[in-house]
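Any read-out appearing in this document is the output of simple, stated calculations on the displayed coordinates, not a laboratory observation. Treat the numbers as computed from the prediction; the structure is a model and nothing was measured. Here the Cβ is made from the backbone with ideal geometry for all residues, glycine too, and neighbour counts use every protein chain on show.
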């Protein structure tokens, strides 16, 4: 039996979507961080096979300023 993670990875690869993984051994879950133009999708998969995701949309502006980076990090 195949786990959902392999199905999701195959789906991303077929669509040429760049992604990387993060393993949380404590909760036995894997997060796939998929990067597309203008958005990032975080896909959460756990040991029981459930799949959840969050979508983060934004622009592709490049800001060249350490002060602006600090302001952005402090904005929350």
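Relative to the longest principal axis of the Cα atoms of the chain, the long axis of helix 4-14 makes an angle of roughly 60 degrees. Extending 7 Å from Cα along the Cβ direction at residue 23 and again at residue 10 yields two label points whose distance is 2.2 nm. Rank 19, 53, 33 by mean-square fluctuation in a GNM of the chain with C-alpha springs under 10 angstrom and give only the top-ranked residue. Taking springs between Cα atoms under 10 Å, the residue moving most is 53. When its C-alpha radius of gyration is set against 2.2 N^0.38 Å (N residues), the chain gives a value of 1.37. Calculated FRET efficiency, residue 42 to residue 75, Cβ-Cβ distance, R0 = 25 Å: about 0.75 to the nearest 0.05.
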